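Notes follow the structure.
What follows is calculated from the coordinates using simple rules that are stated; it is not laboratory data. Remember, predicted model here, so these are calculated numbers, not experimental data. Glycine also receives a Cβ, built like all others from the backbone with ideal geometry; neighbour counts cover every protein chain displayed.
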Amino acid sequence: MSARISTASLLMVTSLATAAWAEGPSRAPLASSVTQVAAQGQPAQVTPVDKQDAAAPSQASDPGWEVEIAPIYLWAPYNINTVTLPRFPDLPLPPGGGEDGRPTGQTDTAFNGAAMAAFRVEKSRWMLRGNLLWAGLSGERERPRVKVSGDLIYGELITGIEVVNHLYVEGGVRRLAVDVDAEVLDYPEVSRRPGVWDPIIGATYRIPMGRHWLLTVHGDGGGFGVGSEVDAGAAVTLDWRMASHFGLTLGYGLLYFRLEDTVLDSTRIEKTFELGTTLHGPIVGVKLLF
């Protein structure tokens, strides 16, 4: 009888202890330990690389649109003009015969003003830029007498792609419009207003120099007889980013073109006028950056 009572008491104590363990705070750490031990016996689950890349955002994200607007560039070019006038059948040939009997001459180097506005848009590897320029073309020489006065309006629209780091290959169109009066020796003054469209190809190298400086080297050429006979430009500029959306540009620019303008007079005789101009000088301007 006492043995049965002892056995019943032992079973009751064991049941109460088991219930207390199940509801007590020490169960959680113990369960966690058991789970960790079980996990160590399982093979590691490896996420495929392509799924990791798909889940993670791209590290080399597109920087988006980059926009530069230059509301004003000031260019202070020196220019030299070479002119060849049409033949004057009723007048004597120029000394030495000129060029095929036509009066020709070259001005001395003269200082003229110029102003330009420009923009550039860039996204990924592609860029689009354009500008509009006005420049004076006045110059003269005492002996032999040559005088040229007038101005140039020049505009271009160029697109390009970055073929290697910082180097862009470009192509586009350029408009040259000249309003010029020219005199050579004692021949009558000739006035012409030719305007041509030129195909242009070129290249630009743009390399950052630290956080606030950008060096740009550009060259192009065109005309090819389609519009002008030849048309070439070059520039080296250094941009200083003074503030988040404001920059200053300093540099030096060169432009050369040679064009012909032919008209028929009342006797159906061709009257061809030729003008070759070289402009080169320092550039200063401001940019708005976005």
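Straight-line cross-link reach from Lys271 at under 19 Å between alpha-carbon atoms covers these aspartates and glutamates, not counting any fewer than eight positions away in the same chain: Asp90, Glu99, Asp100, Asp179, Asp181, Glu183, Asp186, Glu189, Glu229, Glu260, Asp261.
The gain in end-to-end length when the Trp126 to Asp100 segment is fully stretched comes to 4.6 nm, 0.36 nm per residue minus the alpha carbon separation. Peptides 241-251, 221-231, ordered by how many other C-beta atoms sit within 10 Å of their residues on average, highest first, read 221-231, 241-251. Between Ala115 and Asp181, the modelled labels are 2.3 nm apart [label points 7 Å from Cα along Cα→Cβ]. Spacing of the modelled spin labels on Val173 and Leu157, each 7 Å from Cα toward Cβ, amounts to 0.7 nm. Seen from Gly172, the other residues with C-beta closer than 11 Å to its C-beta sum to a net charge of -1, counting Lys and Arg as +1 and Asp and Glu as -1.
Length gained on full extension, Leu288 to Glu270, computed as 0.36 nm times the residue gap minus the Cα-Cα distance: 1.6 nm. A crude spin-label estimate for the pair Asp108 and His166, with each label 7 Å from Cα along the Cβ direction, gives 4.2 nm.
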